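A.B. asks: Sharing a structure below in structure tokens format, with a few things to ask.
The values are calculated or read from the model by the stated rules, or taken from the named source; none is laboratory data. Owing to the predicted nature of the structure, the values given are computational and were not obtained by experimental measurement. Glycine gets a Cβ as well: all are built from the backbone with ideal geometry, and neighbour counts include every protein chain shown. Each accessible area value is taken on the protein alone, full model and side chains, heavy atoms only, with ligands, DNA and RNA left out. Shrake-Rupley method; radii C 1.70, N 1.55, O 1.52, S 1.80 Å.
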Amino acid sequence: MTSDIHLLLRQISEEESHSAFERLYRIYFRKCFSFAMYYLKSTELAEETVSDVFLNFWQNRTLLANIKDWDSYLYISVRNQAFLYLNKEIGKQEDSINSFIVEIDINEDNPESALLKQELTEVIQHAVDQLPEKCKMIYQMIREDGLSYKQVSNILEISERTVNTQMTIAIKKIKAVLNDYFQNG
């Protein structure tokens, strides 16, 4: 985190500075909006998501100075809020990885193809759900959030080697489930 951002976060947290908060919002709005659009595909929902995230930051401003990796924290917050909106819009509760990790290019006009896509998505979600908790979390942070191994290492306060090991385990287990599905399915 740059020292300028750290200073803004400290001013917001300790001094409750509205002007520092407005500067932070202006600096990050466009990035957050673009990131939310990736998931939501709606200008209105993306704007609402970013506004809600920053409103939450203001409501919990006393905690902002303690954030170690601001960029990661910010993107995770936007992503989580976007998923809340998606769940409301779709009308069902889905795990985020279900819709966003796997891009299966199938013609959904064909009912058989749509069923196959749904089935494969469920198999992958089941495989991810079976991962040990830490392994699952690391997998989602890297694959879903697009964080680097180093960022995950810093956020979780573990070595990059551990992150790499956990990703290797996750990929092997998911691959094994998919292989089993294609051989027996």
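A.B. asks: Spot the failing condition for Asp129; the list is (1) within 30 Å of Leu7 (Cα to Cα); (2) of a type outside the set (S, T, N, Q); (3) modelled with pLDDT of 85 or more, and only one is missed.
C.D. replies: The single condition Asp129 does not satisfy is (1).
A.B. asks: I need a count of the residues in the range 146-162 that are among the hydrophobic types (A, V, I, L, M, F, W, C) and open to solvent by less than 40 Å² (accessible area, probe 1.4 Å).
C.D. replies: Residues that pass the stated criteria total 3.
A.B. asks: What pairs can you find where one residue is in the range 1-27 and under 18 Å from Lys68 (Cα atoms), the other is polar (S, T, N, Q) and assigned to a helix (DSSP H, G or I), and their Cβ atoms are less than 6 Å apart, with a gap of 6+ or different chains?
C.D. replies: Ser13/Thr62
A.B. asks: Additional query: Quick check on Val128: is it in a helix (DSSP H, G or I), within 18 Å of Asp71 (Cβ to Cβ), open to solvent by less than 20 Å² (accessible area, probe 1.4 Å) and of a type in the set (A, V, I, L, M)?
C.D. replies: It is false that Val128 is in a helix (DSSP H, G or I), within 18 Å of Asp71 (Cβ to Cβ), open to solvent by less than 20 Å² (accessible area, probe 1.4 Å) and of a type in the set (A, V, I, L, M).
A.B. asks: Restricting attention to the range 133-145, which residues are open to solvent by 60 Å² or more (accessible area, probe 1.4 Å) and either over 24 Å from Tyr38 (Cα atoms) or part of a loop (DSSP other than H, G, I, E, B) (or both)?
C.D. replies: Glu133, Lys134
A.B. asks: Would you check if Ile106 is among the hydrophobic types (A, V, I, L, M, F, W, C), modelled with pLDDT under 85, surrounded by fewer than 18 Cβ atoms within 10 Å (Cβ to Cβ) and outside any helix (DSSP H, G or I)?
C.D. replies: yes
A.B. asks: Please tell me if Gln118 is within 16 Å of the chain's Cα centre (by Cα) and at pLDDT 65 or above.
C.D. replies: Taking the combined requirement at face value, the residue does not satisfy it.
A.B. asks: OK, next. Only residues that are of a type in the set (A, V, I, L, M, F, W, C) and in contact (Cβ under 8 Å) with a residue 40 or more places away in the chain: list them for the range 28-52, please.
C.D. replies: Cys32, Phe35, Ala36, Leu40, Leu45
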